[in-house]
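Only one structure is covered here, and it is reproduced in the block below.
What follows draws every value from the coordinates through simple rules; no lab data is involved. No experiment lies behind these values; they were computed from the predicted model shown. Cβ: placed from backbone, ideal geometry, glycine included. Neighbour counts: every protein chain shown.
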Amino acid sequence: MKEVLIGIPIQWYIYLSVTLFCIGIFGVLFRRNAIIMFMCIELMLNAVNLLMVAFSRYLGDTGGQVFVFFVMVVAAAEVAVGLAILMMIYRNTKSTDIDTLNRLKW
Amino acid sequence: MPLSQYLFFFLSFVAVLSALLVILDKNPVHSVLYLIITFFSIAGHFLLLNANFLFIVQIIVYTGAIMVLFLYVIMMLNLNKEIEPHKKNIPKVAAAISAGIFLMSLIALLKGADVNLLPAARNSNIGLLENLGNVLFKEYMLPFEISSLLFLGAMVGAVFLSKKEIN
């Protein structure tokens, strides 16, 4: 377990995280379903978590992994409140399509 | 090529492919299941990085709690069929182009970066529960307590928002 990371440069983790983050951005822009957009936000948070764990492992610093823990805490709270808001929206408009919420549009 | 590189490529391939399928699948239930696969492969990356505690937390919190919450909401709203009406193609093409440009510019930016780190060999067991718990309860005590307040606020907010209004 100690020598398992030999041969993986940190650049590979950076590129993987960037790719996952951009897939998340693409999903938020591409889909109009509010639930799928929430899931893409979770995907972006996970890409950042992966990069923080990789850097903490490569630099030998524990702080990065503690921050990943706090990001997970905030993500759980955000999902609880966000899905409650989504339920309210569905109750009022009978759909989760965000294009129906255009009253702030000029 | 060492075994760890094969593991890295396999886990990355699974993560990226299922992340794309989350977006491209029309059925929200299938999207949730693909996202669970993505989170499992990211958990595999955590194990590869020797972060055992975060591996367990990722599986319990993300795939166990958050995704079940998503599935529960989809079930309650009865969204398991395709309800998205056919939209115009211009916003979708614009979304693809802008996300692609963002990816390209980030990669071009990172190509010039000079990061040549080797895994820190002296303390490779920083991700174990004992070390992480020591740091969490000594240096990060105040943020830990504040996060409990955040959870309390989120719980009150969720209950308050989902309560039926009585007129």
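Summary of computed values
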quantity: For chain A, Kirkwood radius (reciprocal of mean inverse C-alpha pair distance, Å); calculated: 16.0 Å
quantity: Neighbour net charge for B:Ile42 - beta-carbon separation under 15 angstrom, K R +1, D E -1; calculated: 0
quantity: Given 14 as the ceiling on other Cβ atoms within 10 Å, longest exposed-site-free region of chain B for trypsin sites (Lys or Arg not before Pro) in DSSP loops; calculated: B:27-80
quantity: Within 10 Å of each Cβ in B:24-36, the average number of Cβ atoms from other chains; calculated: 2
quantity: Formal net charge of residues neighbouring A:Phe70 (Cβ-Cβ distance under 13 Å; K, R +1; D, E -1); calculated: -3
quantity: Efficiency of FRET from Cβ geometry, B:His30 and A:Ile98, R₀ 25 Å, rounded to 0.05; calculated: 0.80
quantity: Förster radius 35 Å - calculated FRET efficiency between A:Asp61 and B:Met1 (Cβ-Cβ, nearest 0.05); calculated: 0.75
quantity: Cα-based Kirkwood hydrodynamic radius, segment B:125-167, one decimal, Å; calculated: 12.8 Å
quantity: Values of log10 I(q)/I(0), in the order q = 0.14, 0.15, 0.27 Å⁻¹, for segment B:27-83 under a Debye, Cα-only, solvent-free model; calculated: -0.42, -0.47, -0.99
quantity: When each of A:Lys105/B:Lys26; A:Lys105/B:Lys88; A:Lys94/B:Lys92; A:Lys94/B:Lys164 is checked by Cα-Cα distance, pairs over 20 Å; calculated: A:Lys105/B:Lys26; A:Lys94/B:Lys92
quantity: Cβ-derived FRET efficiency at R0 41 Å, B:Leu109 paired with B:Phe13, nearest 0.05; calculated: 0.95
quantity: Helix A:63-93 axis, angle to chain A major axis (alpha carbon atoms, nearest 10°); calculated: 10 degrees
quantity: Among B:Leu24, B:Leu103, B:Leu128: highest mean-square fluctuation, GNM of chain B, C-alpha pairs under 10 Å; calculated: B:Leu103
quantity: Histogram of C-alpha separations across the protein assembly as shown, 10 Å bin width, %; calculated: 6, 27, 32, 23, 10, 2, 0
quantity: Stokes-Einstein D (µm²/s) once Rh is taken as the Kirkwood radius of chain B over alpha-carbon pairs, at 25 °C in 0.890 mPa s; calculated: 122 µm²/s
quantity: With Cα atoms, 0 to 90° folded angle of helix A:10-30 axis to chain A main axis; calculated: 0 degrees
